[in-house]
Structure formats: structure tokens, C-alpha cells
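Take a look at the structure below.
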Amino acid sequence: MNALPTAGNWTPAEWARTYWPGRLLTDYLDEATARHPDKVALTGRNSVSDVTVTLSWRQLRRLVDRIAAGLVGLGVGKADVVACQLPNWWEFVALHLACVRIGALTNPLMPIFRQRELRYMLGFARARVLVVPRNFRNFDYPSMVATLRADLPELRHVLTIGGTGPDSFEEVLIARRWEDECDTSTLFAQRRPHPDDAVQLLYTSGTTGEPKGVLHSSNTLLSILQQYAKRLHITGDDVILMASPMGHQAGFMYGLMMSPMLGAKLVLQDIWVPEEAARLIRDEGVTYTKGSTPFLADLTNTPAIDRYDIGTLRTFVSSGAPIPRVLVERASQRLGAAIISAWGMSETGSVTTTIPGDPDERIFGTDGVALPGMEVRVVDAADAVLPSGSEGRLQCRGIGNFLGYFLRPELSQATADGWFDTGDLAVMRDDGYIRITGRAKDILIRGGENVPVVEVENALYRHPAIREVAVVGMPDARLGERACAFVSLHPGHALDLPGMTRFLETQQMARQYFPERLEVLPELPRTASGKIQKYLLRDLARTLAPTST
């Protein structure tokens, strides 16, 4: 297994010598422009304006430099925060590259956030500039932000894409030729950040409540991306489809950043519609995409893949939540692509992946093995390493570990030799592959016996009626906890507790693992990245009583 040196001689200097590129994303942009100035860099349709924009590397760099000079003209200083609450539009890509160019931090914000989240996030980050759409999915963003301005004294500019007047992004940063008003070569040289400087401030998904601001540098992000691309054989000849929101690490790193790093074409989708994704794969020759479990399930199940030839699709990486084994099996058959399981966090990027060509039992039964430059281990409550096959707390360390939490260093302490506690539970095999078994806070103990929650969920995913499932504990006076299964169903299907129980009996699972209550919901609550928010379901389960004993 590829790994950093052991704890006895592990030092960050090893990362710098072996893995950290010591470069910026804009260096790769400049190289792609020099090599292939007229090659398509990105293409994407704005579903609001119904306009598709296609940019070559030359055109993209020209826009990046103009926006960068414009941000400086608006008073953005080095290490200032520029926030953007944008869908997967080309402006998002250009804005981040512009921020890197001048040493500012990009703070991506999911389009689903509203006043409560933005008041905290923008205020805590001390954002100087915010870029929003005029309208997206029938929501008026400028009007929302207007209600917050009194609470955000450090927010100097709110620029609106598709807007009019003095706050229009197009008028302020695109129409004006900022590059003619200054010596951009000197300006950018003066403002160039060090590869170890923070370039990204990304709030965690919030599966457990209050978000924290994760800080990453060029080195931490790009080193993981390089190892990821090498393992999965992704090159500049690939075509990347990114429908995962770029406001989350999956879309940001593996779409927005990986495209210029490799010089690969990026195809953006701003609203996830599986039929549209299938058409884009056919029309653009997409070879690679990445998304959470719902994306994989939707693309696998859409009838559109029977109408569109998606034969160019070679790799689908699914992360963000354990993938039900039955889904991997079906997706492999339906999509004709390699399904890669991956595990990671906002704090680390992808840490483990399966490997193309792995045998089925690894693809279907694990979350992969650590990337070169990263290590994982499974430990007990005292941080002692557990033997293979034992469940414990998952820790990781290496080239992609984040710099810390913004203004909250006390929350980001690692062990003396660099191990970061992920909050996940896992089992490691003899070959170094891991299987995520749950969150440390998701342990369900029924009558003193641990319930293998992920295995129960995987079994239930095989039920033809169930679209998504989450099993959580509900308090019980006698047993401590009992299990409650929250599910959503495929259209036209129904399910009750006896039916679920009969199905689990066919799966040959110990009866004491069976959920003792079934709750059917239209949708399960998810974070913007697709992770089921079990803490909300646990809150709901506390109000319930078992329907069976």
C-alpha cells in the first residue's frame, strides 16, 4: 500500500519533497492556454437564460485576468474572502481562478443556503465580495441578500450575474477592460500567493449541526488531485461532466480544479436532470464524472440511457455516502462504466478509492484504499491501532489534510504525529482497503449489541420499492435503543413494516438487527453534497415509539 513514512520518521517535509507540487491552479491554466489556446476549456448551459457558453483556454484566461484585475479594483486585498453562491456556471470557474491569481480566498456557498446560513457564513468569513445569480430555480437572491446587508458591515460589494445596473457582475467585471487600466503582469506577480497559503474557505456540510470553515492551500488540494487522477487514469484527453455542485468539495475539486490542472474539457450541468446528463454524455463525449449516491442511482435508472449512446463514459466515481452494493452491481451493467467507490471529507478531499480493475469483491464491498501520500488507520478509544477486521474510529493523515478551521484552531487539532479523527467508523482489511460502517455518533446499540447499520441499509436498498434508506436509533426504556428505518419509495410503490420484515428475512440477517419501526417520507433530508442528515432523523425518531417488539 502506498503510504507516507511511519510515525517514527513522519514529517511534513516528506510531503513537500514527494507530493506537493509547489504550484498554483493558475499555473496550470497558463500552461493549458500555451499548449492548446483554442481547445475547448469548458462548456455549460445556464438554465435560467437558456444560453450555452463555450470557452477556449485562451478565452477563459482572458476572462480570469480581467476579473482578477477588477476584484483588485474593487478593493479586494490579499487573503480577503470572496464568496460566491452560484450554480455550476462558467463564472464560478473563472471567479476562483481570478481569486487564486490575486491571492484572495474563494468561499463557495451552496445555492440552497438562505438567510440563516448566509448571515452566519458571510459574517464569520468577513467576506468582502459576494457573487450571486439574479435568479436561480425561481429564487430571488439579490432580494434575500438585501435583507442581510445591515448585519454584514464588512461586505462591500454584492455582484449579480444576470443583473442590471451598478451591481451587475457583467457590467462591473466583464464589460470593463480592467486589464487595460493597470500592469497586470506586475500586479499578479505582487499578489501571487505561496502554494502553502490558503486559497479556499469551504464550510463543512453540516451533517451534525454547526458548520465549520475548512481552509485548504494549493498544495493540499492539488496534491490530492494529482494522485487521484493518476490512479484513475484521467488525463487532459478526458471530458469531465460535473453536475455535483461546485459549492461542495466534490464539484469544486474534481470538476472546477481538475479540469485546468489536466487541461481537460469541463462540461457543466447546473440542475441535475438524469436525462439531460445522458444527453450531455453523448453529445460532449464525456468520459468521467463524479457524484454522490443519488446521482449514480438516477443515471442508472433513467430510461434515457436506452435512447442515448453513452458508450464514451468510462468512469463514474461515487462518494459522499456508502454505495449500496446492489446499486454498484446494477450501475456497472447499465452504464457500462467502471464504478469507483471513494471516501473523503471537505477536510481532506478524496482519501481512499477503489482502483480500476479491482475484483468485484473490492468494488462492491469496500470504500477503497488510501491514495499515495495518504494514510488511514482504525483505532480504539485510546487511539491504539486495531487489528484488521475490527471496527473502530477512522483516522487519516497526509498530503491532503486541511490547514485547519477558519478562526477555530482549537477544533482542528490532530494527534502529535498528524492523525486527524474523521468522525467515521470503519473496518480495515488485511489488504488496506476500508469499509465505512457509519459515523461515530451514529452507533446503534440494541440491548448491548451493536447493530451494523450500514449492512442493514444495504440489505434494504435491495428492496424494489425502496429508493433511499437511513436507519437510526430511537430511545427505548428496556433495550436502550431500537432501530427505525426511514425510507423514501420509488413512484407507484408501497411498503409497510410487515412487508419490510418479510423482505429482511429473505436476506438471512439476524432478526435482532431488523428495524422495529418503518417511517416512509417523500424525501430523506440531505446536505447539499447528498449526505443523509441522520441527526435530523434521530431527532424525529426520539418522538416515535416502536410499532413492533
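The values are calculated or read from the model by the stated rules, or taken from the named source; none is laboratory data. Note that the structure is predicted; figures quoted are calculated from it, not measured. Here the Cβ positions follow ideal geometry from the backbone for every residue, glycine too, while neighbour counts run over all protein chains shown. The protein model used for the area step is the full one, side chains on, heavy atoms only, and it has no ligands, DNA or RNA in it. Shrake-Rupley method; radii C 1.70, N 1.55, O 1.52, S 1.80 Å.
Overview of values
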item	result
Loop-located trypsin sites (Lys or Arg not before Pro) in the range 160-203, at most 16 other Cβ atoms within 10 Å (DSSP)	Arg176, Arg177
Cα centre as origin, Lys/Arg/Asp/Glu Cβ charges: the chain dipole, Debye	380 debye
Candidate residues Arg156, Arg231: accessible-area rank, largest first, probe 1.4 Å	Arg156, Arg231
Extension gain from Gln413 to Val385, taking 0.36 nm per residue of separation minus the Cα-Cα distance	8.2 nm
Mean accessible surface per residue for the range 215-280, computed with a 1.4 Å probe while every protein chain stays in place, in Å²	21 Å²
Simple label model, 7 Å out from Cα along Cβ direction - Gln190 to Arg176, nm	1.8 nm
Prolate/oblate/rounded label for the range 351-430 (Cα gyration tensor, a/c 1.5)	oblate
Cα gyration tensor category, rounded, prolate or oblate, for the range 194-276 with a/c compared to 1.5	oblate
Helix-only [θ]222 nm of the chain, DSSP H runs n ≥ 4, -39500 (n - 2.57) each, per residue, nearest 500	-8500 deg cm²/dmol
Protein accessible area in the range 87-159, 1.4 Å probe - carbon and sulfur %	48 percent
Sulfur and carbon atoms: percent of accessible area, the range 195-341 [1.4 Å]	49 percent
Cβ-derived FRET efficiency at R0 30 Å, Val326 paired with Asp431, nearest 0.05	0.80
Distance in nm between pseudo-label sites at Leu521 and Ala494 (7 Å out along the Cβ direction from Cα)	2.3 nm
Global geometry of the range 19-60, whether rounded, prolate or oblate, following the gyration tensor of its Cα atoms and the 1.5 cut on a/c	oblate
Per residue accessible area of the range 121-186, 1.4 Å probe, in Å²	51 Å²
Debye-sum result for the chain in log10 I(q)/I(0), which assumes one identical scatterer on each alpha carbon, at q = 0.07, 0.08, 0.10 Å⁻¹	-0.40, -0.53, -0.83
Extension gain, Arg116 back to Arg334 (0.36 nm per residue minus Cα-Cα distance, nm)	74.3 nm
Distance from the range 22-72 to the range 471-541 (C-alpha centre basis), Å	46 Å
